[in-house]
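Throughout, read-outs are computed from the coordinates displayed, never taken from laboratory work. In this text the structure is predicted, and so the values were computed from the model without any measurement. FYI the Cβ positions are ideal-geometry reconstructions off the backbone, even for glycines, and counts take in every protein chain you see.
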Amino acid sequence: MAPADAPDRRDARGVPVRRGRGTDLLVAAGTAVVTLGLLLGLPPLDALDPDTAGTSGTGPGFPDVGGTAWTLLAIALVAQSAVLLGARRAPRSVLLVVGALPILLALVAPSSAYGLTALPVVVAVVLATLRIPLPRLWPAVTASAVLVAIGTGASSAVGSGGVRSGLASGLGAAAGQGVLQAVGAVALPLVVTLVVRSRRELRAARRAETDARSAEADARSAAADARSAAADARSAEAAAVAREQDARVEAAVSRERAAMARELHDIAAHHLSGIALMSAVVDRQIDTDPDGAHEGVRQVREQSTAVLEDLRRLVGLLRDDSPAETAVETVAGIVDLVEHARLRSAVTLAVLPGEHPLADGIGPLTQLVAYRTVQEALANVALHAAGGPCTVTVDDRDPDQLTVRVENGVPTAPSAGSSPAGGNGLRGMRERAELVGARLQVGPTGDGGWTVELVTGREARPDADASADAPEVAG
């Protein structure tokens, strides 16, 4: 069972009720104590009144304490107070019962103290008005006012004997007293309670409005914080995008720098190694073989002119304000490459063609990689395998792949040496092969030589007669 002071869920108006059942008990008990106290105190006070002392009027006086009329009135007052305990659950029914109980008393034992029965009615009106809106309460209020008027009029008419002296005048006087009692016991408490409740609701509305404004201010503050957080997020996102863009630019620059470094290394290694080798030969032939020395100088000049043209072309590609002629190196250019290399050492070219054009199905970038690989390998042969035989093989017989091989024998002359930062040539070969998905194999041979082999697949199969393999279709 819930405690006595526990609040109910909602009252008839849908407003949470804060007062508990203990409050209802206090109200009922207080009403009983006040009414019974007045019932005990009014007869002695009436006896002390000099205007009524020792006189016997026609109307009923205050009942004697302990008499039958007094006992019945006390029972009626206690019953009315007890009914107030149900004002929380059924305020309209309580209002009607509290107004109807005194009517029987007015017919059985009328007395001047009958007006005390209006006090429980006042309490019932106040409790009902606080719990139920007036549009739903007015039928019960009207019925209660009628019951109070009937009870008061009946008590006045029966107790005073006015009906015997004159029916019309007696009924008129009784009705007047009943209406006055109804106004005092129902109408006035109703108006006062409505005023009090309206002011209470106004204060509650103001508090709710204040709370709503506070909540709205909090919501605006939260929205401002959310907008600020969104702006910070957008700023962070923009910064992240900028950093990502910078990283991409740096990666692109790094790739371009690596590509330029490989191109520059190929140009310098191929031409300058030949120039160095021929310069050493010229230095030995100046005194012993002047004609050979002059031929060597012409070759040095040719190589120098070639390297200058390549460097000029590379610089033109790097500059935006000057056009550059871009020469695309292909597998077919390996023939000219070998012809120039024969000026420095004994190089043999072997081309093994297939049933299709040379390097058919090999993309331009892949052909450039094959050309640069042979170029770098011949430069290494001139530097590290001077005097040794060298063979360049272009095997284009396989319909699925192209193989380029540079193989040299044991050197017969002293090596011309290498730069302090040696090893970049082989690394450049591997980087180019990985770029186009080719397979590179580099290593020594069994007889003390060296082999560089590049195998790359074809992007498209060589052209063939498609109708030869097509199935025959009848009709």
### the range 93-231: equivalent-ellipsoid semi-axes (sqrt of 5 x gyration tensor eigenvalues, Cα, Å)
54, 12, 10
### Task
Quick one: order SER156, SER279 by neighbouring beta-carbon count within 10 Å, fewest to most.
SER279, SER156
### Spin-label model distance (nm) - ASP246 vs LEU311, 7 Å beyond Cα toward Cβ
3.5
### Vicinal HN-Hα couplings computed from phi for the range 233-242 (Karplus, 6.51 cos²θ - 1.76 cosθ + 1.60; Hz; Gly/Pro x)
5, 5, 5, 5, 5, 4, 5, 5, 4, 5
#### Entry: Net lengthening on full extension, LEU85/ALA212 (0.36 nm per residue, minus Cα-Cα)
42.0 nm
### Task
Any chance you could get the radius of gyration and Dmax over the Cα atoms of the range 168-226, in Å?
24.7, 82
### Message
Rounded to two decimals, what is the ratio between the C-alpha radius of gyration of the range 328-460 and 2.2 N^0.38 Å?
### Response
1.02
### Task
Using the number of other C-beta atoms within 10 angstrom as an exposure proxy, rank THR373, THR35, THR445 with the fewest first.
THR445, THR35, THR373
### Query
For the range 203-255, what class follows from the C-alpha gyration tensor (a ≥ b ≥ c being the square roots of its eigenvalues): rounded when a/c is under 1.5, otherwise prolate if a/b is larger than b/c, else oblate?
prolate
